[in-house]
Amino acid sequence: MTNEGAVTYKGPERVFSGVQPTNGLHLGNYLGALVKFVALQERFKECIYCVVDLHAITADLDPKLLAGNTREVAAAFLAAGVDPTKSIIFVQSAVRQHTELTWIFNCVARMGWVQRMTQFKDKAGKHAERMSVGLFDYPVLMAADILAYKATHVPVGEDQTQHLELTRDIAQKFNNDFGAPGFFPLPEGLIQGPENEKYGARIMSLRDASKKMSKSDPSDQTRINLSDDADAIAHKIKKATTDPNPLPETVEGLAGRAEAENLVGIYAAVAGVSAADVLKEFGGKGFGTFKPALADLLVTKLGPIAGEMRRLMADPGSLDGILRQGAARAAAIAEPVLDDVRKIVGFWR
Ligand code: AQP
């Protein structure tokens, strides 16, 4: 696909992103998404952050847990510093325009495009026929999430790069097929961590640095949860897989040492410094020195967030009020976009 549609899009800049309420959030979600959400509030006039519960039901989920998990993710947004007076925070299923646009995009996206998505292949493994159609269609729903707001910028971790490319392809094909040049923007991913460092964009498992840190990994020891207490954090970092060598003096020395690189990357992203700075301090030192320093840093940074999440969760009424207000503000942006889409597609009105 060409990038033609981006040139002609004339609308305002707008940020959109979402997080699934599948399970408690982890350090990867925090660094890959929440830290960016907070920073972007200062750079962009309109930021829209969504708890994507429609995405969450693509996996088997206990209905009794869904509303509580949804509030927990909303609480994590707020505790991390997303300000509901600056940003819109809401729950996806409360804004119907997402599902309506998904159906229209289902008729724009090509089977071959969606079949190429590696996240589906990773999650389905050898059991693709047993997976829900929703899991397969997940990236089309994601395109609808973003484009229902004509969002131009999407802060996500590196794992979402391919889904964003699909979003651009769908936007471009819609614009071309329906003779509506520049109607949808071709949104840009904001993938890098703080200070444009690559660290933070992809946090890896503490036990196997070839896999990303993930909520769905069966072992809790592979991830730091935002709700972990100081002892759990210290234990998980102590047990994290490493090699026997001391840390190198330079970033180049991390090549071929994926576990060491992951831990240095986590330190850099959490402290908001470069990996080179971390190695200036810890280069030549062993993991016996580095791991306790990393655990202390994580406890200092994540402890107050966990505390604030607990406080917010204890008052679900206030949390729900913020989410209801957010849904009304989100729908007020999405409905005029959908109204134009209905006209463009040619539906009876
Ligand atoms: N390991 C990671 N490193 C950096 N960013 C990450 N993100 C997820 N894992 C990492 C980013 O977090 C945001 C929210 O993700 P999500 O909850 O919508 O779903 P996900 O990407 O599928 O996250 P998980 O934790 O891996 O969940 P499961 O295991 O359910 O699939 C996104 O911006 C994502 O990039």
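Restricting attention to segment 294-311, does a residue exist that is farther than 29 Å from R71 by Cβ and open to solvent by less than 50 Å² (accessible area, probe 1.4 Å)? Yes, the conditions are met somewhere in segment 294-311.
Restricting segment 153-175 to residues that are charged (D, E, K, R) and within 17 Å of F105 (Cβ to Cβ) leaves a set whose member that is surrounded by the most Cβ atoms within 10 Å (Cβ to Cβ) is R168. Listed by first and then second residue, the pairs with beta-carbon distance under 7 Å, at least 6 apart or on different chains, first residue in segment 325-336 and of a type in the set (G, A, S), second assigned to a helix (DSSP H, G or I), are A327/A94; A331/Q97; A334/Q97.
Conditions tested, residue by residue: (1) within 15 Å of the ligand (Cβ to nearest atom); (2) in contact with a helix residue (DSSP H, G or I) (Cβ under 7 Å, 6 or more places away or on another chain); (3) not assigned by TED's automatic domain parsing to the domain that holds G265.
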residue	(1), (2), (3)
H163	yes, yes, yes
A171	no, yes, yes
K212	yes, yes, no
K236	yes, yes, no
A240	yes, yes, no
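The residue that is nearest to the ligand (Cβ to nearest atom), counting only those in segment 97-112 that are open to solvent by 40 Å² or more (accessible area, probe 1.4 Å) and in contact with an Asp or Glu (Cβ under 9 Å, 6 or more places away or on another chain), is N106. Anything in segment 153-166 that is over 11 Å from S17 (Cα atoms) and more than 12 Å from the chain's Cα centre (by Cα)? List them, or say none. Answer for segment 153-166, where residues must be over 11 Å from S17 (Cα atoms) and more than 12 Å from the chain's Cα centre (by Cα): Q162, E165, L166. Against the list (1) out of contact with any helix residue (DSSP H, G or I) (no Cβ under 8 Å at 6 or more places or on another chain); (2) modelled with pLDDT under 95; (3) closer than 30 Å to A180 by Cβ, the condition E13 fails is (2).
For segment 176-192, how many residues meet the condition of being surrounded by 20 or more Cβ atoms within 10 Å (Cβ to Cβ), of a type in the set (A, V, I, L, M, F, W, C) and under 28 Å from G346 (Cβ atoms)? Adding up the residues that qualify gives 3.
Counting the residues of segment 233-266 that are of a type outside the set (K, R), farther than 14 Å from E281 by Cβ and either touching a residue at least 12 places away in the same chain (Cβ under 8 Å) or surrounded by 21 or more Cβ atoms within 10 Å (Cβ to Cβ) (or both) gives 17.
Hey, among K291, K343, which residue is modelled with pLDDT of 95 or more, closer than 30 Å to R96 by Cβ and surrounded by fewer than 20 Cβ atoms within 10 Å (Cβ to Cβ)? Talk me through it step by step, then tell me what you get.
Numbers: K291 fails: closer than 30 Å to R96 by Cβ.
Testing whether each residue is modelled with pLDDT of 95 or more, closer than 30 Å to R96 by Cβ and surrounded by fewer than 20 Cβ atoms within 10 Å (Cβ to Cβ) leaves just K343.
Those helices (runs of 4 or more DSSP H) of segment 1-83 in which 2 or more residues are open to solvent by 30 Å² or more (accessible area, probe 1.4 Å) and of a type in the set (G, A, S) occupy 63-80.
Just checking, does segment 127-150 include any residue being modelled with pLDDT of 95 or more, open to solvent by 20 Å² or more (accessible area, probe 1.4 Å) and farther than 26 Å from K211 by Cα? Yes, segment 127-150 has at least one match.
I'd like to know if segment 192-211 contains one or more residues that are of a type in the set (F, W, Y) and without any contact (Cβ under 8 Å) to a residue 60 or more places away in the chain. The answer is no; no qualifying residue exists.
Residue-level check: of (1) at pLDDT 95 or above; (2) not in a helix (DSSP H, G or I), G200 misses just (1). Whether any residue in segment 6-13 is away from the ligand (no atom under 14 Å from the Cβ), more than 23 Å from M131 (Cβ to Cβ) and hydroxyl-bearing (S, T, Y) is what I want to check. The answer is yes; a qualifying residue exists. Considering only residues that are among the basic types (K, R) and surrounded by fewer than 17 Cβ atoms within 10 Å (Cβ to Cβ), which ones fall in segment 113-126? The answer is R116, K121, K126.
The values are calculated or read from the model by the stated rules, or taken from the named source; none is laboratory data. All values reported here derive from a predicted model rather than from experimental measurement. Glycine also receives a Cβ, built like all others from the backbone with ideal geometry; neighbour counts cover every protein chain displayed. Remember, those area values only see protein heavy atoms, side chains included, never the ligands or the DNA or RNA. Shrake-Rupley method; radii C 1.70, N 1.55, O 1.52, S 1.80 Å.
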